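First comes the structure, then the notes that go with it.
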Amino acid sequence: SDTLGLYVQDEIRLHEQLALTAGLRFDRYFDNFGSTLNPRMGLIYSASRTATLKALFGRAYRAPNPFERFYNAEQANQPELNPETIKTYELVYEQYFGHRYRVGASAYYYDVNELITQTQTELGDQYFANLEEVHATGIELEAEGKFDSGVRVAVSYALQKAQDEVGGVELSSSPRHLAKASLTVP
């Protein structure tokens, strides 16, 4: 398959403490999915030199890849896959303590249409299908420390719920609780 992607982004200073970052992405899928134009925007308020509040919005588009379209033999017996689209809304607060430590909190809402997901027939043959509408909501807390030696330590915890709105069931591939820790050493 052949795809062309173009992206443009700019930051506009609205006030000494307020900036707007806006981007636009164009994708052209030459095989059979056509073209799409998707915006991303972020309004960033710098409450102080060490604290920021961000309001983010984005829209994205993903065409099914060749693996999803052709790998499983059962796929030929199923309806053609549609591209998935998502609208994202996020509120993020970040606080720095000196140049080493950072904490953050975010809340988000995702609205996904035509989500591509793996499923199976009654006989167990696997294939990919589109879910009509999925909503995800969540909050995430994170902390990070960076040291002069290059060592970086980070921890995060997310509480989220992703649900197929038509079927009313939570997505099995999206955990309700997710905790992560990392240690990076140069």
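Every condition in (1) farther than 29 Å from GLN118 by Cβ; (2) touching a residue at least 40 places away in the same chain (Cβ under 8 Å); (3) open to solvent by 40 Å² or more (accessible area, probe 1.4 Å) is met by GLU16 except one, and the failing one is (2).
Only one entry in TYR89, TYR157 is surrounded by 13 or more Cβ atoms within 10 Å (Cβ to Cβ), under 20 Å from ALA60 (Cβ atoms) and among the hydroxyl-bearing types (Ser, Thr, Tyr), namely TYR89. Checked against (1) over 30 Å from TYR45 (Cα atoms); (2) open to solvent by 40 Å² or more (accessible area, probe 1.4 Å), ILE116 passes all but a single condition, namely (2).
What about ALA63, is it open to solvent by less than 50 Å² (accessible area, probe 1.4 Å), under 18 Å from the mean Cα position of the chain (by Cα) and under 24 Å from HIS99 (Cα atoms)? It is false that ALA63 is open to solvent by less than 50 Å² (accessible area, probe 1.4 Å), under 18 Å from the mean Cα position of the chain (by Cα) and under 24 Å from HIS99 (Cα atoms).
Residue by residue, here is whether (1) closer than 24 Å to ARG62 by Cβ; (2) in contact with a His (Cβ under 8 Å, 6 or more places away or on another chain); (3) loosely packed, with under 15 Cβ neighbours inside 10 Å holds:
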position	(1), (2), (3)
SER106	yes, no, no
GLN126	yes, no, yes
SER149	no, no, yes
GLN163	yes, yes, no
LEU171	yes, no, no
PRO175	yes, no, yes
THR184	no, no, yes
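In summary, ARG69 fulfils each of the numbered conditions (1) out of contact with any Leu (no Cβ under 9 Å at 6 or more places or on another chain); (2) part of a helix (DSSP H, G or I); (3) of a type outside the set (A, V, I, L, M) with the single exception of condition (1).
The values are calculated or read from the model by the stated rules, or taken from the named source; none is laboratory data. These numbers were taken from a predicted model, which means no experiment stands behind them. In this analysis, Cβ positions are derived from the backbone assuming ideal geometry, glycine residues included, and neighbour counts consider all displayed protein chains. Side chains are part of the model used for accessible areas, which takes the heavy atoms of the whole protein and leaves out ligands, DNA and RNA. Shrake-Rupley method; radii C 1.70, N 1.55, O 1.52, S 1.80 Å.
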